[in-house]
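Below is one structure. I have some questions about it.
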4 protein chains.
Amino acid sequence: MKECTNQVSHRPFAPGLEPYLNQTTNVLDHGFIRVVDYMGTEQCIVDAARTSYQRGTERKQEDPKLIRYLMRHQHGTPFEMCEIKFHVKLPIFVARQWIRHRTASVNEASARYSILSKEFYIPSEDQLAVQSATNRQGRGEVLEGAQAKRVLTLLQHDAELCYQHYEEMLNDPSSHDYEPALQSLSRELARMNLPVNFYTQWYWKVDLRNLMHFLALRADSHAQYEIRVYAQEMLKVLEAWLPNVYQAFIDYEMEAYKVSAQGKKVLRKMTQLLERNDQLTTLINETIPDRREREEFLLQFGLNMQ
Amino acid sequence: MKECTNQVSHRPFAPGLEPYLNQTTNVLDHGFIRVVDYMGTEQCIVDAARTSYQRGTERKQEDPKLIRYLMRHQHGTPFEMCEIKFHVKLPIFVARQWIRHRTASVNEASARYSILSKEFYIPSEDQLAVQSATNRQGRGEVLEGAQAKRVLTLLQHDAELCYQHYEEMLNDPSSHDYEPALQSLSRELARMNLPVNFYTQWYWKVDLRNLMHFLALRADSHAQYEIRVYAQEMLKVLEAWLPNVYQAFIDYEMEAYKVSAQGKKVLRKMTQLLERNDQLTTLINETIPDRREREEFLLQFGLNMQ
Amino acid sequence: MKECTNQVSHRPFAPGLEPYLNQTTNVLDHGFIRVVDYMGTEQCIVDAARTSYQRGTERKQEDPKLIRYLMRHQHGTPFEMCEIKFHVKLPIFVARQWIRHRTASVNEASARYSILSKEFYIPSEDQLAVQSATNRQGRGEVLEGAQAKRVLTLLQHDAELCYQHYEEMLNDPSSHDYEPALQSLSRELARMNLPVNFYTQWYWKVDLRNLMHFLALRADSHAQYEIRVYAQEMLKVLEAWLPNVYQAFIDYEMEAYKVSAQGKKVLRKMTQLLERNDQLTTLINETIPDRREREEFLLQFGLNMQ
Amino acid sequence: MKECTNQVSHRPFAPGLEPYLNQTTNVLDHGFIRVVDYMGTEQCIVDAARTSYQRGTERKQEDPKLIRYLMRHQHGTPFEMCEIKFHVKLPIFVARQWIRHRTASVNEASARYSILSKEFYIPSEDQLAVQSATNRQGRGEVLEGAQAKRVLTLLQHDAELCYQHYEEMLNDPSSHDYEPALQSLSRELARMNLPVNFYTQWYWKVDLRNLMHFLALRADSHAQYEIRVYAQEMLKVLEAWLPNVYQAFIDYEMEAYKVSAQGKKVLRKMTQLLERNDQLTTLINETIPDRREREEFLLQFGLNMQ
């Protein structure tokens, strides 16, 4: 089969994303992400959302406003109309977190069939943090110099040694010139000697709704650094691809905060204490320029804005 | 196969839900929900969540606090460990909304194989609302008496007529005693004459996480009344089954509000204007008694509570 | 937002599918399918499958053979790497079957927001079949002329009447010029008067693996005619898009047959009775030219082909 | 929360599965499976399937025949009505294969939060196979004694060493009594030094349909031995729980074979060559006793059995 690209297509076309196609962005010491393919534009999201509105619904929002409206009200299905495919190279322990996002398609390199390369992740020194005392899942201060050196030595040494023994067990004739001491152990067994900082790679295809769910969790400051750096690169891809979606996602998901029933009571009390504060009124009008969104906001917290 | 029930089982047992088993709760004029089976208790959710915490994590939250913590931080997977199965009878137009929730298992009565009963939904007079002028998807005022009567007459008449013709086309020998004028039209064709207010029924099985997602959308005041009444009955089932989960769901989902990045700016300004307000400090301590949750809240809005 | 199309894209390009883009194919009396967008080519499937095969796996199958191999062995994930989006107009009772395929994305026209058009499905006379006596879900002989006429009259009359009353209840000022007798009943209520042969429409986006699953069930002779005609048009789209995939799908899914453990015993007995039959040997070599597939076949049925 | 068990429940009860509840079955050297909870019985499957058959479908199959019919015709949804939850301890490289089954719920022990135990998988000597020369993914002959010993030494040594350094990096005060040389490296980083033969554990909850899909792939002889042994134990659980489902699954899935369009041509030729063979007729009647299934079989291969 001969692959066709660089053809004039009648498909919807996303100018901002095209320069990313087949470009490799390095992540960590040996990893990368690469946009392989995509489907859909902001217009496609809008078209799908407007399917709901046929005859009898003349009053239309402008398109970017509609996108913000959909995001704000968590109307997720129109965002499923876009799709993106990445080629990703990543350490196994990162892949183990990533794969928990089930609504996606994956084809991963197999260590049953083929031989893994000698590529493993070693953190940079400024990432070698101690266990946080206050946060069970986070990192605290960076390790001191001598201790950091010791950790790096251990990680480097063990990965080297495990890989050397992996090769010895595999006894791959192409990888050495000495006389093999072993018959080849099957690959599916030999690989079990490799630590989880070794790299794997996969194709990962996901729709926009589920991509954003992934980013909301993995680009968040609570995510482990080693997966967050991938998510941050993908955020840039999202911004280039669908700028209005990106901004709405930042405003209503990434930087938003869910206030509980109890929290709402507190905030309502605050609004009572501040009723008819001109400074506040001005701020609200400037900060939330969209009338509809402002009304929703005021309604939630009982603000009287006369 | 002989069905066994009323046996001593070693399975986790939810005392509050057992009385609901096989009890039919009427909904609308001919519909119902019935809890057929369930799996899991609050302890199961806690056990699953604690799998993450093995050696080295001695500081444990009490169980109900952990449930609230999981809900507040949208750690959804432990809630997937519970499952419930309903038998539901509902109008077709309600079923069409309901089925959009994809992560669930369904077995529906088939009008290709069998003959639908003469049961259709007629709204009660107090539900006959006009189209809302302000809200594209909502209802406004209730229709006046004469007009309501006219609507009810049309709905009743058309459903009766369509069903009469359905039967005539089916020519089911068991449903009449006059000489059939027609060979039986295949059921899969004849059914196309029935309006979407006819009732269908199904088994619907769903995990707790997806049940809550369903309830958040369908028990909400923006949902159409005819599906909301089902969701409201299911909320009661949830409360009886898993009371701490129910309360956390109400506090952090049903009655919560997501504040955008812009909204957070406004709320931060308000906290500045109210800094060191004793009345507010007291209210916050009383309203959000959990220290950890209170700290998260204060952090979001920059409140200084000294 | 201004939509871009007809641009040179670096994305993989499927020459056979491009002519289908935005072309409407009529189905039934008022329905259609239209390919709106797609992602992926046969090369993409092959690339994804080959991710599994890195260093140390030099012996490669040719691409079309690999596609057949993947299909034969139900290696489904590489087929998820392609995606297609259709715009479909279809009767509600067809939509109700279609939507049971859960792994797909849908945006449907909403009768809560907008007013449905007066378009309903009336079967052609040659499709008016009686209920099959032998097959619970199928159709038998075609109705005789007078009876067919009666059925068509009923379907046409009831649909017209229900729609007239729908409009009366809606009281849409744009749809009539007489003095309205009613305030407008809310759309979400009025629509319940419409039979399930009225048309709806939606965007339907699905990956290739799930599209094939849909086609295997819905293009099958046991599917109801009214959904089968849609599936058959989509089969043509598949053939134009991915010809090797299409052929493998026909050979290993659509026209394949699963032989049970018991059936295999019977077939093994037959091969014993026919051992060393030259005519058979020749036939097998001609009919199953691929050596690897032939060996699998012979192995299953214990044929001795020396 | 106080956990209730051993209560009389009104839920459907599976006598064969109850003895398995909370019993641990050892798998590999340190792994296990344990049935934690279940929902549903064969009667539940039958009830769900019969929802499709209401008025007008008097001719009913017996229940076990219906289960076989559903399995044979791949009517999968009634099987989704049963659910089971396992607690599983398994090596990371097995977990990585297992997790690819997306339609399931998982809560896994976290090495970000807690400290992994010193438990790793070492194959038994009879499992130390060489790479198969003919099958890219399989194992061939068992390694010779001296070579096997060398492999076991490498695996044991590297796992011990990596764990020792893991502990050193963690510097867990509870795990040693010497003076720590390091501040504690954060757990999420230290764990990256562990090979994929270390054990993890999780709760895994799945519906019966997806369990069978898992078993069809993972109890198959092509699956890697280390996951197959888990699947084989789960097959026993299935047999105890739902014996008719188990048998139908074996007959129509595990031991069945899909014959391609081309293969069917060959088999039809064979039936021509054997037409009216009495020995064959007798065999068929005995081997496929169900009349309906036998007719389907004969139809596929054009056998004339008069």
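The values are calculated or read from the model by the stated rules, or taken from the named source; none is laboratory data. Bear in mind that the values here come from a model prediction, so they are computed numbers and not experimental data. With ideal geometry, Cβ positions are generated from the backbone for all residues, glycine too; neighbour counts draw on all protein chains shown. To get the accessible areas, we keep the full protein, side chains included, count just its heavy atoms, and leave off ligands, DNA and RNA. Shrake-Rupley method; radii C 1.70, N 1.55, O 1.52, S 1.80 Å.
Looking at (1) open to solvent by less than 50 Å² (accessible area, probe 1.4 Å); (2) within 14 Å of chain A (Cβ to nearest Cβ); (3) at pLDDT below 90, can you tell me which one C:Ile84 breaks?
All conditions are met except number (3).
Quick one: which residue in B:Tyr257, B:Tyr230, B:Tyr252, B:Tyr199 is more than 27 Å from B:Asp290 (Cβ to Cβ), among the hydroxyl-bearing types (Ser, Thr, Tyr) and out of contact with any Asp or Glu (no Cβ under 6 Å at 6 or more places or on another chain)?
Criteria check complete, one pass: B:Tyr230.
Also, I was wondering about something else. Residue under question is D:Asn285, and the condition is that it be without any contact (Cβ under 8 Å) to a residue 24 or more places away in the chain and part of a helix (DSSP H, G or I); does it hold?
For D:Asn285, the condition - without any contact (Cβ under 8 Å) to a residue 24 or more places away in the chain and part of a helix (DSSP H, G or I) - is met.
Here's another thing I want to ask about it. Would you be able to tell me the number of residues in the range A:87-127 that are more than 14 Å from chain C (Cβ to nearest Cβ) and buried (at least 22 other Cβ atoms within 10 Å of the Cβ)?
Adding up the residues that qualify gives 6.
Further, regarding this structure: Anything in the range D:256-296 that is touching a strand residue (DSSP E or B) at 6+ places or on another chain (Cβ under 8 Å) and buried (at least 17 other Cβ atoms within 10 Å of the Cβ)? List them, or say none.
Those that are touching a strand residue (DSSP E or B) at 6+ places or on another chain (Cβ under 8 Å) and buried (at least 17 other Cβ atoms within 10 Å of the Cβ): D:Ala256, D:Tyr257, D:Val259, D:Lys264, D:Leu267.
Whether any residue in the range A:21-32 is under 18 Å from the mean Cα position of the chain (by Cα), facing chain C (nearest Cβ under 7 Å) and either of a type in the set (A, V, I, L, M, F, W, C) or under 18 Å from C:Phe13 (Cβ atoms) (or both) is what I want to check.
yes
If the Cβ limit is 6 Å and pairs must be 6+ apart or interchain, which residue in the range D:245-264 that is under 21 Å from C:Thr271 (Cβ atoms) and free of Cβ contacts under 8 Å to residues at least 24 places away in the same chain pairs with which residue that is among the hydroxyl-bearing types (Ser, Thr, Tyr) and outside any strand (DSSP E or B)?
D:Ala256/C:Ser260; D:Ser260/C:Tyr252; D:Gln262/C:Thr287
When you check D:Ala133 against the structure, is it within 22 Å of D:Ala223 (Cα to Cα), at pLDDT below 95 and either of a type in the set (Val, Ile, Thr) or exposed (fewer than 13 other Cβ atoms within 10 Å of the Cβ) (or both), yes or no? Outline the logic, then answer.
Details: within 22 Å of D:Ala223 (Cα to Cα): yes; at pLDDT below 95: yes; either of a type in the set (Val, Ile, Thr) or exposed (fewer than 13 other Cβ atoms within 10 Å of the Cβ) (or both): yes.
Considered against the rule, which asks whether it is within 22 Å of D:Ala223 (Cα to Cα), at pLDDT below 95 and either of a type in the set (Val, Ile, Thr) or exposed (fewer than 13 other Cβ atoms within 10 Å of the Cβ) (or both), D:Ala133 comes out as yes.
Restricting the range D:225-255 to residues that are of a type in the set (Ser, Thr, Tyr) and within 11 Å of another protein chain (Cβ to nearest Cβ), which is most open to solvent (accessible area, probe 1.4 Å)?
Per the criteria, the residue is D:Tyr225.
Now for a separate question. D:Ile67: open to solvent by less than 10 Å² (accessible area, probe 1.4 Å) and among the hydrophobic types (A, V, I, L, M, F, W, C), yes or no?
Numbers: open to solvent by less than 10 Å² (accessible area, probe 1.4 Å): yes; among the hydrophobic types (A, V, I, L, M, F, W, C): yes.
Judged against the criteria, D:Ile67 is a match.
Also, I was wondering about something else. If you check C:Leu280 against the conditions, is it touching a Leu at 6+ places or on another chain (Cβ under 6 Å) and either modelled with pLDDT under 90 or more than 30 Å from C:Pro12 (Cα to Cα) (or both)?
Here the answer is yes, as C:Leu280 does meet what is asked.
Same structure, new question: Working only within the range A:9-21, note down all residues that are open to solvent by less than 80 Å² (accessible area, probe 1.4 Å) and either in a loop (DSSP other than H, G, I, E, B) or in contact with an Asp or Glu (Cβ under 9 Å, 6 or more places away or on another chain) (or both).
Passing the criteria: A:Ser9, A:Arg11, A:Pro12, A:Phe13, A:Ala14, A:Pro15, A:Gly16, A:Leu17, A:Leu21.
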